Every structure is written in C-alpha cells, then in structure tokens.
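K.L.:
A single structure is presented below for examination.
The values are calculated or read from the model by the stated rules, or taken from the named source; none is laboratory data. Values in this document were obtained by computation on a predicted structure and should not be read as measured data. Because the Cβ atoms are built from the backbone with ideal geometry, glycine has one as well, and the counts that use them run over all protein chains shown. Keep in mind that these areas ignore ligands, DNA and RNA; they rest on the heavy atoms of the full protein, side chains included. Shrake-Rupley method; radii C 1.70, N 1.55, O 1.52, S 1.80 Å.
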Amino acid sequence: QVQLVESGGGSVQAGDSLRLSCLASGFTFSYYAMVWFRQAPGKGREFVATLSASGSSTSYADSVKGRFTISRVNAKNTVYLEMNSLKPEDTAVYYCAKSYGGAPYTRTDYVTNWGQGTQVTVSS
C-alpha cells in the first residue's frame, strides 16, 4: 500500500534552515505530483509547495515563496522541502502528500494519500 514517511523536522531558531524529506513507497513515484502541506496549532491544514511528476513545474504559497524549495529525486522515491530563513510563523506539523495525478495541484481535495507528519518548531 501507499506509504509516505516524513523526516527532518526539529526545533530551530529564527533564521535557521531545515530540510524535510519524504520517502514514498507502494506506487510508481515518478508518475505523481507531490505536495507539502502544514498545520499550525489551532489552524487548518494549508498548502506549502507542490512539484509536478516530471519535476518541471512548481508552485508555492506566498508565505514561503523565495524561502522554501521543493525538489524530488525520482530514483530515490523521495521529495524534499528545503526551508531557509525560517520564521516563528513557520511552526507547524508538515505533511507530505501524494497528488491525484502528475500535475502540481495545490488543494487538499486532490490529495490521495498523506504522511504522518513531522513537527517543525521555530523559536524567536
């Protein structure tokens, strides 16, 4: 079955960097777009970044544009989220998600599978 396992979260100071990884299994990884979402305490799940199956098309939330970079290595069945210049408002549980198809959708209703999440805490 489909499994998505995130790693790389942690507690950092404002301005620091982190790289999240999501190892996928149970499906043909190179056929599907992948998405990162996040959920802060008391808030809904929000889109962060998405990357098409081919890796040629990306989309980012305005709040992270210019600071975060999504990438993938299809040979490793892994998608990454490089997070730079972290801010306290980036504190959230970050979720990796498999999209419905190869295009970089940004909405949760196009997600077919979720990872368990990894906590990112940024202190000022």
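K.L.:
Kindly state, to the nearest 0.05, the FRET efficiency for N74 paired with S124, given R0 = 25 Å and r defined as their beta-carbon distance.
P.N.:
0.10
K.L.:
In Å², what does the accessible area per residue of region 1-110 work out to with a 1.4 Å probe?
P.N.:
About 49 Å² of surface per residue is accessible.
K.L.:
Leaving ligands, DNA and RNA out of it, rank R19, R38 by accessible area with a 1.4 Å probe, largest first.
P.N.:
R19, R38
K.L.:
Given the options N77, L4, Y94, identify the residue whose Cα lies farthest towards the positive end of the charge dipole of the chain (+1 on Cβ of Lys, Arg; -1 on Cβ of Asp, Glu).
P.N.:
N77
K.L.:
So between S30 and T58, what do we pick up on full extension, going 0.36 nm a residue minus the alpha carbon distance?
P.N.:
Here the segment from S30 to T58 would lengthen by 8.6 nm.
K.L.:
Right, another one. Just how large is the dipole of the chain about the Cα centre, in debye to the nearest 20, putting +1 at every Lys and Arg Cβ and -1 at every Asp and Glu Cβ?
P.N.:
Magnitude of the dipole: close to 140 debye.
K.L.:
Cross-link partners among lysines for K76, C-alpha distance below 28 Å, same-chain residues fewer than 8 apart left out?
P.N.:
Within the straight-line cut-off, K76 pairs with K65, K98.
K.L.:
Q116 versus A40, label points 7 Å from Cα toward the beta carbon: distance in nm?
P.N.:
2.6
K.L.:
With +1 on each Lys and Arg Cβ and -1 on each Asp and Glu Cβ, and nothing else charged, work out how big the dipole of region 1-74 is about its Cα centre, in Debye to the nearest 20.
P.N.:
60
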